[in-house]
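K.L.:
This structure is in structure tokens; I'll ask about it shortly.
The values are calculated or read from the model by the stated rules, or taken from the named source; none is laboratory data. This one's a predicted model, so the numbers in the text were calculated from it and none came from an experiment. Please note: Cβ atoms are built from the backbone with ideal geometry, for glycine as well, and neighbour counts cover all protein chains shown. Calculation scope for accessible area: heavy atoms of the full protein, side chains included, ligands and nucleic acids excluded. Shrake-Rupley method; radii C 1.70, N 1.55, O 1.52, S 1.80 Å.
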Amino acid sequence: MPLPIFIVKRILQAVPLLFIISLISFTMLKLAPIDPLAYLKANPAISQATIAQEEERLGLNKPPIVQYLIWSNNLLHGDLGISTTGGSVFKLLIQRAGNTLLLGVITVLFTWLIAIPTGIYAAINRSKWLDKLFSIAAAIGMSMPTFLLALILLMFAVHTRLLPIGGLTSPDFFNRNLVGQIIDVSAHLVIPVTVLTFVGLAEIQRQMRGSLLEVLRAEYVRTARAKGLSENTVIYKHALRNAINPLITLLGFEFASLLSGAALTETVLAYPGLGRLTLEGVLTKDMNLVMASLMLGSAMLIAGNLFADVLLKFVDPRISLE
């Protein structure tokens, strides 16, 4: 199937999938035992007329099916609605999405730059002491909760004062020149990037190691060695080309998670990202905000899978697009 037709077909297939996701998400949110106006009702100084007016503004006084139809119609017209805080959901997402995208891109970059070489080295030097060390580090990374590692690094920053604590910028950020602003943001990114990179390393490094070990046992690799090809040629030209395919699928999921954020890490580190904003929206049952975040995450997941399939085709022409 030609690539343009394949892409159009996948996009068309995504439309009913997004509709089903939105319907399930909306239903689950409505069933959640959380009152989005609880903060108003708990204040005796606020009158019932004010609460009723707020319910009318947010559309909470309408039947759930009507609320969903109104939300769907607004979405089709590019309107993401109003948050319970009174602000535009679109503006809130734009403000936070950039911060999460910055964190996600840097994390993916560092994760892959470290995980791929260490995975290859561990496979080539199987059962040696460095391979065992990488395996121990991977096991720790897979078992350690991100919020725990974030707290440990925060304690280190508090005691040493080598790194800023929380947030993305310092109070005097806008008083600095461009170089100073870049340095300030970079310093604030050290802890969250370290946390997410260390946790993400484990899966990719182990996948790279296991995939390469499996390919190195293949018949064509033994044939290449029997022909007298150098070990580097066998590994990096023949084996690695096939071993990298499963990693490309993982890269698609990594792409999908760029805007979903790491809610717990962002919350612990007070990082102004989209994951933290979505978590706060869930806790307050901010329907428009949560639905917009879920739909954005779903669209990114579909786009990530499509990106991985297309990239696989370029890396391995034997794969057919269907």
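K.L.:
Looking at (1) 17.2; (2) 22.9; (3) 18.9, which value of mean projected area of the Cα convex hull in nm² comes from a calculation on the structure shown?
P.N.:
Of the labelled values, this structure produces (2).
K.L.:
How much length is gained on full extension from Leu76 to Ser230, taking 0.36 nm per residue of separation minus their Cα-Cα distance?
P.N.:
Length gained, Leu76 through Ser230: 49.6 nm.
K.L.:
Here's another thing I want to ask about it. In square angstrom, rounded to the nearest 10, how much accessible surface does Phe253 have for a 1.4 Å probe?
P.N.:
So the heavy atoms of Phe253 present about 100 Å² to solvent.
K.L.:
Express in nm, to one decimal, how much length is gained between Asn125 and Asn175 on full extension, taking 0.36 nm for each residue of separation and deducting their alpha carbon distance.
P.N.:
12.9 nm
K.L.:
Here's a follow-up. Within 10 Å, count the other beta carbons around each residue, average over each peptide in 196-204, 51-59, 279-287, and list them highest first.
P.N.:
Packing order, densest peptide first, comes out as 196-204, 279-287, 51-59.
K.L.:
Mind giving me the FRET efficiency for Ser47 and Phe147? R0 is 41 Å, r the Cβ-Cβ distance, nearest 0.05 is fine.
P.N.:
FRET efficiency, Ser47 to Phe147: 0.55.
K.L.:
Turning to a different aspect of this structure: Any idea how far the Cα center of segment 148-211 sits from the one of segment 65-96, in Å?
P.N.:
First find each Cα centre; the distance between them is then 32 Å.
K.L.:
Projected onto the charge dipole of the chain (+1 at Lys/Arg Cβ, -1 at Asp/Glu Cβ, origin at the Cα centre), which of Tyr271, Ser143, Leu130 gives the Cα projection farthest towards the positive end?
P.N.:
Leu130
K.L.:
Return the calculated 222 nm mean residue ellipticity for the chain, to the nearest 500 deg cm²/dmol, obtained by summing -39500 (n - 2.57) across DSSP H runs with n ≥ 4 and dividing by the residue count.
P.N.:
So the calculated ellipticity at 222 nm is -24000 deg cm²/dmol.
K.L.:
Remind me, relative contact order of segment 177-322 in percent, using alpha carbon pairs under 8 angstrom and six or more residues apart?
P.N.:
Computed value for segment 177-322: 22 percent relative contact order.
K.L.:
If you roll a 1.4 angstrom probe over the protein chains with everything in place, what fraction of the accessible area of segment 25-104 belongs to carbon and sulfur, to the nearest %?
P.N.:
After summing per-atom areas, the C and S share lands at 65 percent.
K.L.:
Compute the relative contact order of segment 144-259 as a whole-number percentage, counting only Cα pairs closer than 8 Å that sit 6 or more residues apart in sequence.
P.N.:
The value is 22 percent.
K.L.:
Then there's this: Round to the nearest 0.05 the FRET efficiency obtained for Glu219 and Val8 when R0 = 51 Å and r is the Cβ-Cβ distance.
P.N.:
0.85
K.L.:
For Ile94 and Thr27, calculate 0.36 nm times their separation in residues minus their Cα-Cα distance, and state this gained length in nm to one decimal.
P.N.:
Contour length minus Cα-Cα distance gives 21.6 nm.
K.L.:
Note down the nm distance, to one decimal, between modelled labels 7 Å out along Cα→Cβ at Leu283 and at Val66.
P.N.:
3.2
K.L.:
Heavy atoms of the protein only, probe of 1.4 Å, neighbouring chains included. What is the accessible area of Lys30 in Å², nearest 10?
P.N.:
Roll a 1.4 Å probe over it and Lys30 shows about 60 Å².
K.L.:
A further question on this structure: Exceeding 23 Å between C-alpha atoms, which entries from my cross-link table qualify? They are Lys41/Lys285; Lys132/Lys227; Lys132/Lys237; Lys237/Lys313; Lys9/Lys237.
P.N.:
The answer is Lys132/Lys227; Lys132/Lys237; Lys9/Lys237.
K.L.:
Another question, then. Using a 1.4 Å probe, what is the accessible area per residue for the chain, in Å²?
P.N.:
I get 56 Å² per residue for this part.
K.L.:
With the dipole of the chain worked out from charges on the C-beta (+1 for Lys and Arg, -1 for Asp and Glu) around the Cα centre, which of Gly87, Asn61, Val185 lies farthest toward the positive end?
P.N.:
Final value for the positive-end residue is Val185.
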